[in-house]
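Step one of this worksheet: look at the structure below.
Throughout, read-outs are computed from the coordinates displayed, never taken from laboratory work. As the structure is a prediction and not an experimental result, all values here were calculated from the model. Please note: Cβ atoms are built from the backbone with ideal geometry, for glycine as well, and neighbour counts cover all protein chains shown.
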Amino acid sequence: MLVMQAQLALFPHMAWLQQMNINTRWPKSEKIRAMEHALGQQLGALRYRAGWSQSDLGGDTGYSRPLISLAELGRSFPGRDFWVECDKALHAGGVLAAGWDQIQATREAEQRAAALAAQRAREAQALELMTDLAQQSDVEARVTGLQVCPHCGTKMSVVTTLFPLGP
């Protein structure tokens with residue numbers, strides 16, 4: 001996001017960069033990249049079949065020609081509104097928005113799986129530490145409760161607390 005803001009500051013005539021909705025929080029898997037590329041190709045095919053240029057589609061949807069080009073190439077993945085507007089303009093019957101929904105669902109499933117794997121790794125590390133500490137005579141380690149992850153809703157199985165043993 002900082003790079004995009006810097007580009008806009010340096011090149012204000014490139015306001016079309018603001019139309020890009022890129023999620024940089026999670027890296028894209030090859031599967032997501034392939035799905036985005038396929039959806040972009042589908043957009044290009046529908047536009048070509050309608051006999052429109054990228055500029056024509058941009059004029060009808062309110063999006064810029066460069067963004068449409070990048071979306072068709074799979075180099076940018078705009079938000080759902082972009083795909084809905086392209087669907088309407090090309091009379092595609094919702095297939096582009098449905099494609100975006102499918103990609104988003106896949107992305108979210110991958111993110112949940114990655115978060116769950118990371119949580120399990122943290123729990124395994126905590127269990128190992130708790131086991132090691134249980135062998136020491138001056139520290140007591142125990143499970144104090146369960147909680148739900150605020151991001152994905154998955155139950156986290158342990159919260160460990162270390163209590164120094166008193167005299």
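Dipole size of the stretch 48-88 about its Cα centre, with +1 on Lys/Arg Cβ and -1 on Asp/Glu Cβ: approximately 120 debye, rounded to the nearest 20.
Taking packing as the residue-averaged number of other Cβ atoms within 10 angstrom, the listed peptides 60-71, 114-125 run from highest to lowest as 60-71, 114-125. Take the Cα of Arg49, step 7 Å toward its Cβ, do the same at Gln125, and the gap between the two points is 5.0 nm.
To the nearest 0.05, how large is the calculated FRET efficiency for Asp101 and Leu73 if R₀ is 30 Å and r is the Cβ-Cβ distance? With a Förster radius of 30 Å, E is 0.90.
Electrostatic tally near Asp101: other residues with Cβ closer than 14 Å to its Cβ, Lys and Arg +1, Asp and Glu -1, net -2. Modelled spin labels at Asp60 and Ala113, positioned 7 Å past Cα toward Cβ, are 3.7 nm from each other.
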